1. Report the label-to-label distance for ASN58 and LYS99 in nanometres (one decimal), using points 7 Å from each Cα along the Cα→Cβ vector.
2. Quick one: net charge of THR69's neighbours, Cβ under 14 Å, K/R +1, D/E -1?
3. Please give, to one decimal in nm, the separation of the simple spin-label points placed at LYS149 and TYR212, each 7 Å out from Cα toward the Cβ.
4. Simple spin-label model, 7 Å along Cα-to-Cβ: VAL46 to THR115 in nm?
5. Could you calculate the contour length gain from SER194 to GLU181, that is, 0.36 nm times the residue separation minus the distance between their Cα atoms, to one decimal place in nm?
6. When the accessible area of segment 19-71 is computed with all protein chains present and a 1.4 Å probe, what percentage of it is carbon and sulfur?
7. Quantify how much of the Cα-Cα distance distribution of the chain extends past 36 Å, in percent.
8. With a cut-off of at most 11 other beta carbons within 10 Å, and DSSP calling the residue loop, which GluC sites (Glu not before Pro) in segment 158-258 qualify? Please list them.
Amino acid sequence: SGDEILKMYGTSIYLSYKEEMKLRDLLYGLMMRSGNDAAEVIAYFVGGNEEGFVTLMNKKAKKLGMNNTIFHNPHGLDEKTQNYSTAYDMALLSSYASKIDFYREVTSTKYYKTTTPVKAYSWTNRNKMVFTYPYFTSGKTGYTPKAGKTFVSTSKKDNLELTIVTLNDPNTYENHRMLYEEFFKKYKNKLIISKNEFMLRYPNLSIKNDIYYPLKDNEEDKITVDIKLNNNLNNYCGDLIINLNNKEIIREPIYERKKNLDKPTNNDSFLNIIKNFFEKIF
């Protein structure tokens with residue numbers, strides 16, 4: 001209810017009772033100012049009530065593979081109802097969210113102004129890394145007495161984007177910057193397979209994406225490629241599997257580009273053609 005929202009504790013954008021604000025502006029207030037009252041309004045609007053929205057949150061978490069996460073409220077405050085997660089799960093969520101243009105836009109915004117029929121708002125992003133780290137692309141700070149200072153961020157340099165998560169860390173900004181600089185030096189985003197080269201070498205097959213992976217200088221020779229084929233259902237032929245040190249790191253679908261392919265001979269099977277193709281590359 002409106003009274004419950006006004007009683008929210010912690011950080012707030014200080015909404016007034018029965019005040020109307022656009023959803024877009026609420027999201028800016030939520031992400032830039034950690035507005036717990038904005039989180040409640042959004043939850044009621046999207047989920048019908050707090051419980052409905054929390055159900056949506058937990059379903060999404062499971063879909064993203066966040067198997068050690070459970071949400072009990074939409075704002076993260078944990079004095080009354082507990083929220084549980086891990087750094088790994090938060091990294092999964094960050095990697096997913098960072099692909100959404102609007103999320104990147106909101107969380108990287110330094111200043112934002114908006115008005116409602118009641119009053120005007122002028123916000124400065126609480127995340128200091130927006131102002132201090134040139135490679136920062138998205139992220140969100142947080143704090144509760146139980147969790148301590150938390151920070152989930154992404155940064156991009158030389159075509160390599162990383163996500164870093166720290167929990168219960170009093171030196172969040174310093175440690176994120178230090179870790180980014182360390183890993184940007186150690187890793188480069190290497191092109192493993194180009195989709196155009198794939199199609200040029202075998203015109204009847206395709207993969208949808210160029211495949212990149214962050215590698216150290218001494219790891220390129222440890223990359224291997226495996227092919228697993230199926231019965232060619234709906235033009236899906238199988239999977240291209242990229243391994244590092246014999247451990248799978250990427251699985252990319254392979255598709256048939258033409259429906260009427262010439263049948264391979266016994267000595268020149270479909271599998272052998274693909275194997276020969278990759279032997280030429282690697």
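The values are calculated or read from the model by the stated rules, or taken from the named source; none is laboratory data. All figures in this text were calculated on a predicted structure; none of them were measured in a lab. Cβ atoms come from the backbone with ideal geometry, glycine included; neighbour counts cover every protein chain shown. Accessible surface is based on the protein model in full, side chains and every heavy atom, while ligands, DNA and RNA are left aside. Shrake-Rupley method; radii C 1.70, N 1.55, O 1.52, S 1.80 Å.
1. Simple spin-label model gives 2.5 nm for this pair.
2. On the way: positive: LYS59, LYS60, LYS62, LYS63; negative: ASP78, ASP89.
Within the 14 Å Cβ shell, the charges total +2.
3. Distance between the two pseudo-spin positions: 3.1 nm.
4. Once both label points are built, they end up 2.9 nm from each other.
5. Details: separation 13, 0.36 × 13 = 4.68 nm, distance 2.77 nm.
The span from SER194 to GLU181 would gain 1.9 nm if fully extended.
6. 57
7. Numbers: 13377 of 39621 pairs.
So the pairs more than 36 Å apart make up 34 percent of the total in the chain.
8. Details: sites: GLU161, GLU174, GLU181, GLU182, GLU197, GLU219, GLU220, GLU248, GLU256; in loops: none.
Nothing satisfies the criteria.
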